[in-house]
Amino acid sequence: MFNRGPVSVQNASPVSGGLPRFMMSVPGQASAGLAGDPREAAQLAILFIEDSLADFTLMRAVLVDAGLNVAAQCVDTETTMRQALAERAWDAIISDHSLPTFSGLRALKVAKEAGFRGPFLIVSGAIGEETAVEAMRAGADDYVMKNNLRRLPPALERGLREVQTRDQRQRAETALASAHDQLNAVFSATPVALFAISRECTVTMWSPACEDLTGLGAADTLSRPFALPSQPDTWKLLALVAPALDGTAVRGLPFSMDSQGEKRELLVSASPLSGSPPSGCVVALSDVTHLAHAQAELSRSESQLRELSRHTERVRENERAELAREIHDDLGALVTRIRADLALARRRSREKETAQLLDEAEQMVASLGEAISRIARAMRPPVLDFGIVAAIEWQARDFAQHTGITVNVHTNQDDLALELEQSIAIFRIFQEALTNVFKHAHATRVDVDLFADDSTLSLEVRDNGIGLSSDSLRKRTSFGLRGMMERVHGLGGWMDIGGSPQTGTPPFRGTTLMISIPLNPQDPPMSLPGGKTPHQDPEGLE
Ligand SMILES: Nc1ncnc2c1ncn2[C@@H]1O[C@H](COP(=O)(O)OP(=O)(O)OP(=O)(O)O)[C@@H](O)[C@H]1O
Ligand SMILES: [Mg+2]
C-alpha cells in the first residue's frame, strides 16, 4: 500500500520501497501517437487506481514502451481518487478491479459522478466473464487482464479514440440541436410563410405562418405532396418555384392566391437546398396584400387628383375663353360703335376745339380697342384655333419681339390636328417654358423642336442659358414646372427637364425641356360651354 499523502512526482522513475503517491511524467518516444501523429505524442494524463506499486510501474512502463507520453498519478482509495479528480482533468483512468477498500466498479461510479468523460479501463488479475460484462454495462470502456498487459496500450488508444469520436458526435449533435432550435424559433416567429419541399414536391417543413395563410396545419401537409387548398394555386406556385428545384434561386415573384375566402397578394422567393441537383427547396411567401391595397389606393387617389387637376384646367380654360370672347365681342362691338359715333360727331362738329377733342377721344377709343384685343388674345390665344403649329410659331415670334431673345422653331408639321385639350396643354407648357427662359435662364437663344408622327408628339425647348440645379426642381413656391408635369401626365405623356448649372462666361449648355405626348387620347376632347366653338380671330396670327 502507498502512503496516502497527495504527492506528485514528475518524470520520476518508479522507485520501489514505499514511494509516496506519485505523478509521473514520462517523455514519450517518437512514436505513432493517438492521432497517428508521427511527431512527438501529446502527453496523456492518466489516473491509475491501483494498490500495487509493482503493477502500476509495470502498466506505466507498458504504455511508455508503446510510445505514449504519459503523466501518471496513482491512487488507491475513494477519497484520494476524488481528490485527484478534483485537482485536474484526466485523459483516462485505468483501474484495478479489486482493491482492499475499493473496487473498479465503485471507482467507475465515482468517476462518473465527478463528470469524468474519458475512457475508463479496468485491469484485473482475474476477472470473470460476468464481472467483465457487468463492468462494460456500467460504462467501462474495456477491460484488460494483468497477465496480458500488451493489450493495454491499444485498449487505451481505442478508448481515447472512441471518447474523441463520442465528444465530436456530441458536439455536432449539440450544434445541430441548437441550429434546429434556432430554425424552429425563426420558423415560428416569422410572419413570412416558410415551407420546404423535396424534389418530389413532398412537404418537409411547414411554418405556423403557412397555416395562417392556407388554413392547412403541419399535420395536413408534412410528408405529403405539396398542395394548397386550390389546385390552380398549387400549380401556379409550383411553377414559380420550379427553378429553385433546379438550383436557381427565385426572388420576389408576385403571386396571388385564395386564402380562406380572401385574395392575398404575395411575393414568392425560393432557395435550393444542398445537393446537385438540389434535394429540394425552401419557399418563402411574404404577404404584401396590405401594401398592394395601399398602392392601389394611392394610385387611385393620384389619378383622382390628376383628374381633378385636368378638370380645373378645363374649367379655367373655358372661363378664359368665355371671358375673352365676351371682352372681344361685347366690348369690341361697343368700342366700334363709340368710334363710329365719335367719327359722326367729328364730322358734324363746327367748332375747332370740339373737333380736336373728338379727334383725341377717337384715338383713345382706338387704343382701348387694341388693348381689349390684346387682353382677349392673352386670355385665350385665338391662334390656337389655327392649330398647335401655328400657335407655337406665333408664341415664339411674340416672345422674340417682346424679349429680344432669338427663338428658332423647327417642325416636321405644317398643320397638326390635335384635340383642343391637347393643343391648349401643349401651348400653355410652351408659354411657361418661354417665361422660365426669360425669368431665369439669361439666354440669348432658344431652339424649339416640334415633331409628331402618327402616335406621338414631342416638343423640345432648349435654351443657351445658365442651366438649372437640382434644387430648382424642388422649390416649394414654384409651380410652373409642376403645372407642366401635371398637364403632361393628364395627357398620358412624360416630361423631362435637364441641364447642369453653369458658371463663368457663355456659351452655356443651358436647359432642355422635353415633353412627349401620345396622340390617341383616351378622354373626350374638351368642349366649350354651350357647344360653341372657341373664339377665332385671324388677328391673333399677327
Ligand atoms: N430655362 C431655365 N433656365 C434656368 N433655370 C430654370 C429654367 N426653367 C426653370 N428654371 C429653374 O427652375 C425653377 C422652377 O421653375 P418653375 O417654373 O417651376 O417656377 P418659377 O418659374 O420659379 O415660378 P412660377 O411658379 O411662377 O413658375 C425656377 O425657379 C428656376 O430656378
Ligand atoms: Mg415658371
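The values are calculated or read from the model by the stated rules, or taken from the named source; none is laboratory data. Keep in mind it's a predicted model, so treat the numbers as computed, not measured. FYI the Cβ positions are ideal-geometry reconstructions off the backbone, even for glycines, and counts take in every protein chain you see.
Observations, loosely collected:
- Subset of region 114-134 (residues that are under 21 Å from E162 (Cβ atoms) and free of Cβ contacts under 8 Å to residues at least 12 places away in the same chain): G115, A132, V133
- For region 468-487, filtering for residues that are away from ligand 1 (no atom under 12 Å from the Cβ) and either over 27 Å from E302 (Cβ atoms) or out of contact with any helix residue (DSSP H, G or I) (no Cβ under 7 Å at 6 or more places or on another chain) (or both) leaves 0.
Table: residues versus (1) modelled with pLDDT of 90 or more; (2) among the polar types (S, T, N, Q); (3) within 16 Å of E157 (Cβ to Cβ).
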residue: I46; (1), (2), (3): yes, no, yes
residue: I49; (1), (2), (3): yes, no, no
residue: V70; (1), (2), (3): yes, no, yes
residue: T79; (1), (2), (3): yes, yes, no
residue: D91; (1), (2), (3): yes, no, yes
residue: D96; (1), (2), (3): yes, no, no
residue: I127; (1), (2), (3): no, no, no
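- Count of region 215-238 residues which are in a helix (DSSP H, G or I) and surrounded by 15 or more Cβ atoms within 10 Å (Cβ to Cβ): 7
- Inside region 451-481, residues that are within 12 Å of ligand 2 (Cβ to nearest atom) and either of a type in the set (A, V, I, L, M) or touching a Gly at 6+ places or on another chain (Cβ under 8 Å) (or both) make up a count of 3.
- Within this structure, Q395 fails the test of being within 47 Å of the chain's Cα centre (by Cα), within 16 Å of ligand 1 (Cβ to nearest atom), more than 17 Å from S516 (Cβ to Cβ) and at pLDDT 90 or above.
- Within region 47-82, considering residues that are of a type in the set (D, E) and over 23 Å from A114 (Cβ atoms), the one surrounded by the most Cβ atoms within 10 Å (Cβ to Cβ): D55
Here is a yes/no grid of residues against (1) in contact with a Leu (Cβ under 9 Å, 6 or more places away or on another chain); (2) buried (at least 19 other Cβ atoms within 10 Å of the Cβ); (3) hydrophobic (A, V, I, L, M, F, W, C):
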residue: Q170; (1), (2), (3): no, no, no
residue: Q182; (1), (2), (3): no, no, no
residue: S188; (1), (2), (3): no, no, no
residue: I197; (1), (2), (3): yes, yes, yes
residue: E200; (1), (2), (3): no, no, no
residue: T204; (1), (2), (3): yes, no, no
residue: P208; (1), (2), (3): no, no, no
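- Within region 401-450, restricting attention to residues that are among the basic types (K, R) and within 16 Å of ligand 2 (Cβ to nearest atom), the residue that is farthest from G480 (Cα to Cα) is K439.
- Top-ranked residue in region 422-467 [being among the hydroxyl-bearing types (S, T, Y) and more than 9 Å from ligand 1 (Cβ to nearest atom); ranked as surrounded by the fewest Cβ atoms within 10 Å (Cβ to Cβ)]: S455
- The residues of region 448-480 that are hydrophobic (A, V, I, L, M, F, W, C) and closer than 29 Å to D415 by Cβ, listed by number, are V448, L450, F451, A452, L457, L459, V461.
- Scan of region 91-101 for residues that are surrounded by fewer than 22 Cβ atoms within 10 Å (Cβ to Cβ) and hydrophobic (A, V, I, L, M, F, W, C), ordered by number: L99
- Evaluation of L108 against (1) farther than 20 Å from E78 by Cα; (2) surrounded by 13 or more Cβ atoms within 10 Å (Cβ to Cβ) (one fails), failing number: (1)
- Some residue of region 180-199 being charged (D, E, K, R), part of a helix (DSSP H, G or I) and under 34 Å from the mean Cα position of the chain (by Cα): yes
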